[in-house]
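Report on the following structure.
The values are calculated or read from the model by the stated rules, or taken from the named source; none is laboratory data. What you are looking at is a predicted structure, and each value in this text was computed from that prediction instead of being measured. FYI the Cβ positions are ideal-geometry reconstructions off the backbone, even for glycines, and counts take in every protein chain you see. Accessible surface is based on the protein model in full, side chains and every heavy atom, while ligands, DNA and RNA are left aside. Shrake-Rupley method; radii C 1.70, N 1.55, O 1.52, S 1.80 Å.
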Amino acid sequence: MLSKLKALLASSDQPDSLGSQFRKKRFAHFKQLVERNFLGKLPIRVLDIGGRSQFWIGQDLLEAGKLEITLLNLSEEPVSVPGISSIVGDATDLSQFGDGSFDLVFSNSVIEHLYTWENQQKMAREAVRVGKKYFIQTPNRHFFAEPHYALPFVQYFPKSWTYFLLTKSRLSRGNKWNPADAQQYLDEIRLLDRREFKRLFPKAEIYDENFLGMTKSFTAHNL
């Protein structure tokens, strides 16, 4: 149990972290769905909203030439990997793309960073519009550990309390946060619960990721 909690609190960038383990399991599920739904269609054009090339490096689908990935971020991402390109754009306004421009829209832990429910609705509408298929993941608001700070139940605290904990203590993964970074995260993060997530993607199948009998995150997809 102690080792599981230690893995849970570690940053997702660490290979042994629970977040990294969940990403590997999620991607394995994603791979199965893609191979089942896009049989014979190559390459599959993917728009990754808020993605990084590091996420895709080493993945079989990319290395086999099955994916043609476009990363979309507020600033251009440096890329040097065949099959991946990068553009500047806004997840809430994809008007540079027509309906069904991509075979698949993919997004991993991005929609909770959009400040408001209105922006989350806009991203969901745009993802469904420009993608023939979609695979959108987000943490569960009601999971006991808030994933960005690795602190229990702080999603229910007043933001001023969380700001104090982040900037005045080392409870968040053993580090004090820079005040500007702490405020930025507190402003931008709006976690979603199952009911809201289902409202954003009413026609989707919801894939749950569970830990100790609790749902850690959701993925909405129509694959």
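Quick notes
- Qualifying trypsin sites (Lys or Arg not before Pro) in segment 183-223, where qualification requires a DSSP coil assignment and no more than 13 other C-beta atoms within 10 Å, comprise Lys203.
- Per residue solvent-accessible surface (Å²) - the chain, probe of 1.4 Å: 52 Å²
- Percent carbon-and-sulfur accessible area, the chain, ignoring ligands, DNA and RNA, probe 1.4 Å: 53 percent
- Solvent-free Debye calculation, one equal scatterer per alpha-carbon of segment 159-223: log10 I(q)/I(0) at 0.16, 0.29 Å⁻¹ equals -0.73, -1.11.
- Considering every alpha-carbon pair of segment 13-108, the percent of pairs per 10 Å bin, from zero through the bin containing the longest distance, is 15, 47, 34, 4, 0.
- Gyration tensor over alpha-carbon atoms, the chain, equivalent ellipsoid semi-axes in Å: 29, 19, 18
- Partners for Lys41 among lysines (Cα-Cα distance below 17 Å; same-chain residues under 8 apart left out): Lys31, Lys66, Lys132, Lys133
- The ellipsoid equivalent to the alpha-carbon distribution of segment 75-117 has semi-axes of 20, 15, 11 angstrom, derived from the gyration tensor eigenvalues as √(5λ) and listed largest first.
- Cross-link reach is defined here as a Cα-Cα straight distance under 14 Å, omitting same-chain residues fewer than 8 places apart; for Lys122 the aspartates and glutamates meeting it are Asp90, Asp93, Glu112, Glu196.
- Under 19 Å from Lys168, Cα to Cα: lysines that are on another chain or at least 8 residues apart: Lys159, Lys176
- Rounded to the nearest Hz, the phi-derived 3J(HN,Hα) couplings of segment 109-125 under the Karplus curve 6.51 cos²θ - 1.76 cosθ + 1.60 (θ = phi - 60°) are 6, 10, 4, 7, 9, 9, 6, 9, 4, 4, 5, 5, 5, 4, 4, 4, 4, where x marks glycine and proline.
- If you take the Cα centroid of segment 102-164 and the Cα centroid of segment 21-94, the two points sit 19 Å apart.
- Here segment 153-173 is scanned for amide nitrogen atoms under 13 Å from the site 7 Å beyond the Cα of Gln121 along Cα-to-Cβ, giving none.
- Mean projected area in nm² (Cα convex hull; one quarter of hull surface) for segment 106-212: 7.3 nm²
- For the chain, the Cβ-based charge dipole about the Cα centre amounts to some 740 debye (Lys, Arg positive; Asp, Glu negative; other atoms uncharged).
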